[in-house]
1. Go through region 106-123 and report how many residues are aliphatic (A, V, I, L, M) and either in contact with a strand residue (DSSP E or B) (Cβ under 6 Å, 6 or more places away or on another chain) or free of Cβ contacts under 8 Å to residues at least 12 places away in the same chain (or both).
2. For residue 53, state whether it is crowded, with 17+ Cβ neighbours inside 10 Å and of a type in the set (Asp, Glu).
3. If I ask for residues that are free of Cβ contacts under 8 Å to residues at least 24 places away in the same chain and either part of a loop (DSSP other than H, G, I, E, B) or not β-branched (Val, Ile, Thr) (or both), which ones from region 1-20 would you list?
4. Cβ-Cβ below 7 Å, separation at least six or inter-chain, first residue in region 156-171 and touching a residue at least 24 places away in the same chain (Cβ under 8 Å), second crowded, with 18+ Cβ neighbours inside 10 Å and not in a helix (DSSP H, G or I): which pairs?
5. Give me the pairs: first residue in region 124-153 and among the small types (Gly, Ala, Ser), second residue in a helix (DSSP H, G or I), beta-carbon distance under 7 Å, and six or more apart or on different chains, which are they?
6. Give 132, 81 a once-over and let me know the one that is under 32 Å from the mean Cα position of the chain (by Cα) and closer than 20 Å to residue 2 by Cβ.
7. With of a type in the set (Lys, Arg), modelled with pLDDT under 95, closer than 22 Å to residue 88 by Cβ and within 45 Å of the chain's Cα centre (by Cα) as the only criterion, which of 7, 2 stands out?
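The values are calculated or read from the model by the stated rules, or taken from the named source; none is laboratory data. No experiment lies behind these values; they were computed from the predicted model shown. Reconstructed Cβ throughout: ideal geometry from the backbone, glycine too, with neighbour counts over all protein chains shown.
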Amino acid sequence: MKANYAKALPLVLRHEGGFVNHKDDPGGATNKGVTIGTLKRLGIDVDGDGDSDIVDLRNLRQSDVERVYKLFYWDAVKADQLPSGVDYAVFDFGVNSGPARAAKHLQKVVGAAQDGDIGPKTLALVAKMDPQDVVTALQDSRLRFLRGLKTWGTFGKGWSRRVAEVRAVGLAWAESGHHVRETPKTEHEPPVMSKAAPVSDISAKAPKRPAQREVAAPLSTPAKEAGKALAGGAAGALAVLVAYAGDAWAKFTAFCDLITFWN
């Protein structure tokens, strides 16, 4: 993946180290993994003396390092177009053993023609496989190749550690990239609304109260009427009592007349 170069390069440089001129290293003098031959191919002249030599290699600038790795290794193995994890595994393999060899081992893993040039057919076959399976198979193949080298006795321990670390990082990146790719992009569905219209607190009608029975007004009595009249004054109370006394006398007289009639 294109975005992975910035984080893959520091991991590679951690294994490459600084300036080294080991007598048993067939690549000769290197600084941060960059050989004197690569320096000359690009015409990098740090001290400005007109040539590219050991002095320039020792004083290699970071910008030159980034340029070398991007052009001769990352781009050479088409890492921008490889799945996350696979890109780093092939990139580091290419730095350690050459881009063409790394490409051939990748092609062997995915079943492509081993011509050392990663093209559309190889990329299509890589895309069909699980990135974690590719990383695992590629690191296994890489380790078998390194063990077959005559310099294994000298560099074998460091190479084994490097392959193990690349495997771990590659698998982690592949796992992360795998989940990102396979998570389907779904649209948010609107919530299902109830068929019944919502009732707000304001518009909701209060429940009807049960009808109350009508209670007959209590019968009035002379005492009650007199009590009411007393609230209005003594004169009113006297008038009420006289009225009720007259009514009672009239009823008594009518009763006496009725008795006389039947006799």
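1. Of the residues in region 106-123, the ones aliphatic (A, V, I, L, M) are 106, 109-110, 112-113, 118, 123.
Now drop any that are not either in contact with a strand residue (DSSP E or B) (Cβ under 6 Å, 6 or more places away or on another chain) or free of Cβ contacts under 8 Å to residues at least 12 places away in the same chain (or both), which leaves 113.
Here the count works out to 1.
2. On the way: crowded, with 17+ Cβ neighbours inside 10 Å: no; of a type in the set (Asp, Glu): yes.
Considered against the rule, which asks whether it is crowded, with 17+ Cβ neighbours inside 10 Å and of a type in the set (Asp, Glu), residue 53 comes out as no.
3. Step one: list which residues in region 1-20 are free of Cβ contacts under 8 Å to residues at least 24 places away in the same chain, which gives 3, 6-7, 10, 14, 17-18, 20.
Within region 1-20, 3, 6, 7, 10, 14, 17, 18 meet the criteria.
4. Listed pairs, sorted by first residue: 170/85; 171/85.
5. Correct list of pairs: 137/109; 141/105; 141/108; 141/109.
6. Details: 132 fails: closer than 20 Å to residue 2 by Cβ.
Only one candidate qualifies: 81.
7. Working: 7 fails: modelled with pLDDT under 95.
After applying the criteria, what remains is 2.
Here's the yes/no breakdown for (1) at pLDDT 95 or above; (2) within 20 Å of residue 10 (Cβ to Cβ):
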| site | (1), (2) |
| --- | --- |
| 33 | no, yes |
| 39 | no, no |
| 74 | yes, yes |
| 85 | yes, yes |
| 94 | yes, yes |
| 98 | no, no |
| 118 | yes, no |
